[in-house]
Amino acid sequence: MKVAEENGHIEKMHTLCKATNDAGAGITDIHFITKLLNSFPESWDPIISNLYDKMDLSEVIMKLTSHGEHLTNRASKTTKTTPAFDSVKALKATVHALQAEIKSL
């Protein structure tokens, strides 16, 4: 889930809140914080549970954004190919090339 910036979850929620307020709902920052935190998946509970008592929307958004960036960085590290994996791929390609060369003889 993209948390912040353009087309991020927070921006989408803020857009919905603004549209609701423009229609006369009168959602305060405190209410928005609760709605925003409730909109995150259960896997975020360890982070979110510490934010319900916050009254500063900027602080909540900063903490959510930081955690989202942390998850993104962690995911990118685990999906990168390792040098050993690249070496295996190179060896397989060499073996296939040699097999093709032998067949052609």
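The values are calculated or read from the model by the stated rules, or taken from the named source; none is laboratory data. Since this is a predicted model, take the numbers as computed values, not measurements. A quick note on method: Cβ atoms are made from the backbone with ideal geometry, for glycine too, and the neighbour counts reach across all protein chains shown.
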Subject >> Residue that is nearest to the chain's Cα centre (by Cα) [pool: residues in segment 28-61 that are under 19 Å from Lys12 (Cα atoms) and polar (S, T, N, Q)] >> reply: Ser39
**OP:** State whether one or more residues within segment 84-102 are part of a loop (DSSP other than H, G, I, E, B) and modelled with pLDDT under 95.
**Re:** no
Subject >> Restricting segment 48-83 to residues that are modelled with pLDDT of 65 or more and among the hydroxyl-bearing types (Ser, Thr, Tyr), the residue that is surrounded by the most Cβ atoms within 10 Å (Cβ to Cβ) >> reply: Thr65
Original post:
What tally of residues in segment 1-30 results from selecting those that are within 19 Å of Gly68 (Cβ to Cβ) and surrounded by 10 or more Cβ atoms within 10 Å (Cβ to Cβ)?
Top reply: 15
